[in-house]
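*Asks:* The structure follows.
The values are calculated or read from the model by the stated rules, or taken from the named source; none is laboratory data. From a predicted model like this one, the values you see are computed outputs, not experimental measurements. As a convention, Cβ positions derive from the backbone with ideal geometry for all residues, glycine included, and neighbour counts pool all protein chains shown.
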Amino acid sequence: MVRRSVARYYNSVSDDATIARVGVKLPPFWKENPALWFVQLEAQFALAGITVDDTKFNHVISAVDSEILNSVSDIILRPPDIDKYTILKKRLIELHSESEASKIRTLLQGLELGDQRPSQLLTRMRALAGDTVGEPLLKSLWMGRLPNSTQTILAALSEDLAGLATVADKISDLTNHSNINPVHVTPSTSDARVTQLEQQVTQLTTLVGELSSTIRQTRSRSRDRQFNYGRSRSRDRFRKYKESSSGICFYHTNFGKKAKVLVLSILRKTKSAIVHWPWQRSPS
């Protein structure tokens, strides 16, 4: 009876160990944040009840790819007798973590909001800042990466940084929602406007062409009239000069048969005027 109970106990322990070994889910090694990866891995160890150093060490080796293993090959090929998991963990974190200077540089220059929510950006900045950056400076750096309209609203609030991040997320959600419809409407409206402007430009071009043609024709007719008028007057003057030079007097040229009567009338009037002129009278 006792033997059966002991056997049953050991079988139960063996089954639990098998289940624990099967139940460990190893996440892929995260080069960008190895410290966080080890936190996740150790949570799996805790759930599976794994506490032995060799077991942890072997799990890490099985989860890391060959390129990364090559950087810690000295530890893997010649593992220390004790604390091999802890030593391997420390080396991997040192090799693949950003230096403090690099973190500060990224914090100051490299981070942008992009498609993230404001709270996600703040979380990323907190991770980079660690204990080296105070809350006021972190707040200033974070708000400086937000849209101007969001900064204006947050500047009027007295919330802590976590509260400001919540408000910023709500503003971002509202802004993105309001921009959904214009994204689909704007292109067609813009295309219609461009087409309308093109038609107006075409009409104006045609009108300018017609006006230019009309002006050219008007100027051409005006020059022709001036030229013909000048030629006509020149011919008249030349004819009069020619007739005068040929011996025909002015009056015969212009009055024909009536010229004699007209001349006699002019002579009588001239003679009368001469006779009655004051200087022709006898002194009294």
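*Asks:* Do any residues in region 145-159 that are among the charged types (D, E, K, R) have Cβ atoms under 8 Å from those of residues that are surrounded by 10 or more Cβ atoms within 10 Å (Cβ to Cβ) and part of a loop (DSSP other than H, G, I, E, B), where the two are at least six apart or on different chains, and which pairs are they?
*Replies:* Listed by first residue and then by second, the contacts come to R145/L111; R145/L113.
*Asks:* Something else now. Are any residues in region 73-99 touching a residue at least 24 places away in the same chain (Cβ under 8 Å) and more than 21 Å from T51 (Cβ to Cβ), and if so, which ones?
*Replies:* L95, H96, S97, E98
*Asks:* Same structure, new question: Restricting to region 126-148, name every residue that is touching a Ser or Thr at 6+ places or on another chain (Cβ under 9 Å) and modelled with pLDDT under 90.
*Replies:* Residues satisfying the conditions are L128, M143.
*Asks:* Yes or no: region 77-85 includes at least one residue that is part of a helix (DSSP H, G or I) and surrounded by 15 or more Cβ atoms within 10 Å (Cβ to Cβ).
*Replies:* Yes, the conditions are met somewhere in region 77-85.
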